[in-house]
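Notes for the one structure printed next.
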Amino acid sequence: MWGKSPKTTERSTTFWSAWPSCATASTRPLEDSSRSSLAHDRLHLPVPLPPLPPVSLTICLPAPKRNVHCAKLRNMDLSSFKEQVRSASNIVEIIGERVPLKRVGSRYVGRCPFHSEKTPSFSVNPNMQIYKCFGCGASGDVFKFIQEYDHVTFIEALKWVAERYGIPFPRRLEATDPDTSLRQALYRVNEAALRHFRSQLRSSQGAAARAYLQQRGVTMDLAEEFGLGFASASPQSLALALQGEGFSLELLSQAGLVLQRAQGGLLDRFRGRLIFPIHSESGQLAGFAGRALSAGDEPKYLNSPETAVYRKSNLLYNLNRSKDAIRQSDRVILVEGYMDVIGLWSAGIRETVASCGTALTAQQVKIMRRWCQTVVVNFDPDTAGQNAAERTLQTLLDEGMRVRVLVLDRDLDPDEYVRTVGSESYLRLVKQAPNYYIWLADRAKQRFDSRTAEGRQQALQFLLPALHRIPDKIERAGVAGDLASYLGVEPGLILENFKKAALDRRRITISPPAPAALLPAERILLRNLIHYPAIRSWALPRLRSLALLPKLRSSNLLLAMLSLWEHDPDFDYAQLEAQLTPTDATLLSEVIFADELAEDFEQAQENTAASLATLEAESRSASLDLLRQQIREAQQKGDMQQALALLEQLDRLQKAARTPGQVRPASLGPKPT
């Protein structure tokens, strides 16, 4: 409304941010310029205005339309940027850096990184820039691969690929994904927490932690290199410090840095502990582990809880530093504790990692296998350490790793050994470490009396599960012979047990009938409709009149393509796959990843037209056969009127079939650039 303003002598406009309510919020002078005229036009007022006293204007604007427009703009920006990055990237190059690939025809194959397998079933199609595993069903483009492989969000994957190929990432896109925003916030608060912990270690409160490090042979320079810190015993030291930096208590809770007290209020999770920062494979700070320094303070090691960025089963301590050394040496030394890693690192032995306070998981082994195929297990020599090594062997063998086991003499832990005996002696033992089955045989000898037949049989039963995990038959036979000699039993006894176990595993199953094979014309049509969007404009409409379509094995695929094309002529593989059942998606992948000769665009058009003509001819033939059958049935019933009507239809179809059909489309469309 119009009225007087006692505090200004200029006309002013008041704009509102909280719609639809109207109340005074802010005042901005109107200028005698074109901007003033524009404001008047929006208010449907005449220009120029007559002289008026000082006024204040309140405007109510509909916010939803503005928000929808912005959302559409963000989505458009994201889609176009995604296509720009996808076009610049090379999926074979990116996957090949993580999975050994071998070229087979027009595609690349390797062992799937997403499940355990002995025979490669993972394929990469370089032309379509997609991958597919025919074992577990994993599939997608380069962004999906990075998401699944590195356990990151889509925006993080997009940013990584963009930076990999030198494409600047628009900062505004990061704000479009709440999951990415949360993860980035967690990384920032973790870094702030680490700065606090490190400053505490250098302060007077960190005296006990520094004394412990000195006792373990860790210098302050080494502590700085590994980012070690100290959490004081004060109940809210970290919480207060981070709140002072502007971090909310909600974010601290989401990061697992604070706990909710039973009587109310918050409490630092880590108190009175030596802090080990735990990083992801790419070096981002995911969480922490804290070692108790006071006797009776349990648990001895306390880890961050599971968060959006910290998952113990997906992390290996020190991999961010050691991965290059692991690749160069073609082995990884797996130890139990964080101090073992630091001790070996300080002695110049860099290819070392540890699990993060949990039993070794299949996912952690997959991560190791990215960098090498051989693992040397060097756990503590006590009973608990050796039992843990035995359990670890099963997981390592299941994932196809080559495993050796190192047991140090003098009952020393790895870091104690390099400090007292030396790194040269340790490296010599690493090179001499026996294969896992020799170590297992020693364990069997300790458990069972090999002097008796019963004891030898028990030892053999103890070893058989590990032997069955050897995928290669020749290697398995060789290991069986070595073990027979080592245990003092006949090799035939081991082979007999192998055969018996194989028979026990065999089950009689009735396989479902195999689905009908694709017609050659179907396969050509599917492949070219996927590879060449320009062909769709004249080929897909002809499917509407194809009577044979419902009977084709590819009918669901072709109908899905037709439906997508009617809404988006340039639909891609991912959009099509999302519309399919698992069975049809597998069929699509079989067509896409088939080893067939590549065609240029002109050949593809000719072959597509010929395939359509073939299917249309078969469709007419099927229609003729159906009419003949219906005529016979009408004659048998004595319904001559119906029979004559069907004969007329048959005659028309036969004449149409004799008329030369259109094999090549009238317009093949523009050649794609």
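The values are calculated or read from the model by the stated rules, or taken from the named source; none is laboratory data. All values reported here derive from a predicted model rather than from experimental measurement. Backbone-built Cβ (ideal geometry, glycine too); neighbour counts: all protein chains shown. Quick note on the areas: whole protein, heavy atoms, side chains included, nothing else; ligands and nucleic acids left out. Shrake-Rupley method; radii C 1.70, N 1.55, O 1.52, S 1.80 Å.
Any idea how many residues of segment 398-412 are closer than 27 Å to LYS366 by Cβ and of a type in the set (D, E, K, R)? Steps first, answer last, please.
Of segment 398-412, the ones closer than 27 Å to LYS366 by Cβ are 398-407.
If we keep only those that are of a type in the set (D, E, K, R) as well, we get 398-399, 402, 404.
Number satisfying all stated conditions: 4.
When the residues of segment 249-264 are filtered to those that are under 15 Å from LEU182 (Cβ atoms) and in contact (Cβ under 8 Å) with a residue 12 or more places away in the chain, which remaining residue is most open to solvent (accessible area, probe 1.4 Å)? Result: GLN254. For first residues located in segment 99-114 and within 14 Å of TYR131 (Cβ to Cβ), partners that are open to solvent by 50 Å² or more (accessible area, probe 1.4 Å) and in a strand (DSSP E or B) and lie 6+ apart or on another chain with Cβ distances below 6 Å form the pairs VAL109/LYS102. Please verify whether segment 65-86 includes one or more residues that are open to solvent by less than 40 Å² (accessible area, probe 1.4 Å), touching a Lys or Arg at 6+ places or on another chain (Cβ under 8 Å) and at pLDDT 85 or above. Looking through segment 65-86, none of the residues is open to solvent by less than 40 Å² (accessible area, probe 1.4 Å), touching a Lys or Arg at 6+ places or on another chain (Cβ under 8 Å) and at pLDDT 85 or above. Selection within segment 471-498: residues that are under 38 Å from the mean Cα position of the chain (by Cα) and in contact (Cβ under 8 Å) with a residue 24 or more places away in the chain. The member of this set that is least open to solvent (accessible area, probe 1.4 Å) is VAL479. Please list, ordered by first then second residue, the pairs with beta carbon atoms under 6 Å, 6 or more apart or interchain, first in segment 340-361 and over 14 Å from ASP380 (Cβ atoms), second β-branched (Val, Ile, Thr) and in a helix (DSSP H, G or I). Once the first residue is over 14 Å from ASP380 (Cβ atoms) and sits in segment 340-361, its partners that are β-branched (Val, Ile, Thr) and in a helix (DSSP H, G or I) give ALA347/VAL418; GLU351/ILE326; THR352/VAL341; LEU360/THR392; LEU360/THR395.
When you scan segment 268-302, how many residues do you find that are within 24 Å of the chain's Cα centre (by Cα) and either of a type in the set (Gly, Ala, Ser) or open to solvent by 10 Å² or more (accessible area, probe 1.4 Å) (or both)?
First pass over segment 268-302, keeping only residues within 24 Å of the chain's Cα centre (by Cα): 277-288.
With the extra rule that they be either of a type in the set (Gly, Ala, Ser) or open to solvent by 10 Å² or more (accessible area, probe 1.4 Å) (or both), the set shrinks to 279-284, 286-287.
Looking only at that region, the number is 8.
Would you say ASP340 is surrounded by fewer than 18 Cβ atoms within 10 Å (Cβ to Cβ), assigned to a helix (DSSP H, G or I) and acidic (Asp, Glu)? No.
Restricting the first member to segment 530-541 and to residues that are touching a residue at least 40 places away in the same chain (Cβ under 8 Å), and the second to residues that are among the β-branched types (Val, Ile, Thr) and assigned to a helix (DSSP H, G or I), the beta-carbon pairs closer than 6 Å and six or more apart or on different chains are ILE535/THR608; ALA539/THR608. Within segment 115-156, the residues that satisfy the criterion of being without any contact (Cβ under 8 Å) to a residue 40 or more places away in the chain, assigned to a strand (DSSP E or B) and out of contact with any Ser or Thr (no Cβ under 8 Å at 6 or more places or on another chain) are PHE122, VAL124. Checked against the criterion of being basic (Lys, Arg) and in contact with a Leu (Cβ under 8 Å, 6 or more places away or on another chain), the candidates ARG443, ARG469, ARG428, ARG451 yield just one match: ARG469.
It is to be established whether one or more residues within segment 407-421 are of a type outside the set (Val, Ile, Thr), within 30 Å of PRO100 (Cα to Cα) and out of contact with any helix residue (DSSP H, G or I) (no Cβ under 9 Å at 6 or more places or on another chain). Let's see the steps before the verdict.
Initially, segment 407-421 is screened for residues of a type outside the set (Val, Ile, Thr), giving 408-417, 419.
Remaining after also requiring within 30 Å of PRO100 (Cα to Cα): none.
No; the residues of segment 407-421 include none that is of a type outside the set (Val, Ile, Thr), within 30 Å of PRO100 (Cα to Cα) and out of contact with any helix residue (DSSP H, G or I) (no Cβ under 9 Å at 6 or more places or on another chain).
For segment 343-393, a residue qualifies if it is open to solvent by less than 10 Å² (accessible area, probe 1.4 Å) and among the small types (Gly, Ala, Ser), and the qualifying residues are ALA354, GLY385, ALA389.
I'd like to know if segment 366-374 contains one or more residues that are in a loop (DSSP other than H, G, I, E, B) and free of Cβ contacts under 8 Å to residues at least 40 places away in the same chain. Break it down stepwise before answering.
As a first pass, look at segment 366-374 and keep what is in a loop (DSSP other than H, G, I, E, B): 370-373.
Remaining after also requiring free of Cβ contacts under 8 Å to residues at least 40 places away in the same chain: none.
Scanning segment 366-374 turns up no residue that is in a loop (DSSP other than H, G, I, E, B) and free of Cβ contacts under 8 Å to residues at least 40 places away in the same chain.
Just one of (1) on the phi > 0 side of the Ramachandran plot; (2) open to solvent by 50 Å² or more (accessible area, probe 1.4 Å) fails for ASN318. It is (2). Checked against (1) acidic (Asp, Glu); (2) modelled with pLDDT of 85 or more; (3) surrounded by fewer than 13 Cβ atoms within 10 Å (Cβ to Cβ); (4) outside any helix (DSSP H, G or I), GLU424 passes all but condition (4). Residues in segment 193-248 that are in a helix (DSSP H, G or I), open to solvent by 30 Å² or more (accessible area, probe 1.4 Å) and in contact with a strand residue (DSSP E or B) (Cβ under 6 Å, 6 or more places away or on another chain): 1 in all. Scanning segment 159-192 for residues that are of a type in the set (Gly, Ala, Ser) and open to solvent by 60 Å² or more (accessible area, probe 1.4 Å) turns up GLY166, ALA175.
With respect to SER106, determine if the residue is open to solvent by 50 Å² or more (accessible area, probe 1.4 Å), on the phi < 0 side of the Ramachandran plot and over 20 Å from the mean Cα position of the chain (by Cα). Let's see the steps before the verdict.
Values: open to solvent by 50 Å² or more (accessible area, probe 1.4 Å): no; on the phi < 0 side of the Ramachandran plot: yes; over 20 Å from the mean Cα position of the chain (by Cα): yes.
Spelling it out, it is not the case that SER106 is open to solvent by 50 Å² or more (accessible area, probe 1.4 Å), on the phi < 0 side of the Ramachandran plot and over 20 Å from the mean Cα position of the chain (by Cα).
Say we look at segment 381-414 and pick out the residues that are of a type in the set (A, V, I, L, M) and not in a helix (DSSP H, G or I); which of these is nearest to ARG216 (Cα to Cα)? Give the derivation first.
Going through segment 381-414, the residues of a type in the set (A, V, I, L, M) turn out to be 384, 388-389, 393, 396-397, 401, 403, 405-408, 412.
With not in a helix (DSSP H, G or I) added as a condition, the list becomes 401, 403, 405-408, 412.
Numbers: MET401: 32, VAL403: 29, VAL405: 25, LEU406: 22, VAL407: 21, LEU408: 18, LEU412: 13 Å.
Within segment 381-414, the match that is nearest to ARG216 (Cα to Cα) is LEU412.
Applying the criterion of being without any contact (Cβ under 8 Å) to a residue 40 or more places away in the chain and not small (Gly, Ala, Ser) to the residues of segment 271-305, the residue that is nearest to ILE146 (Cα to Cα) is LEU302.
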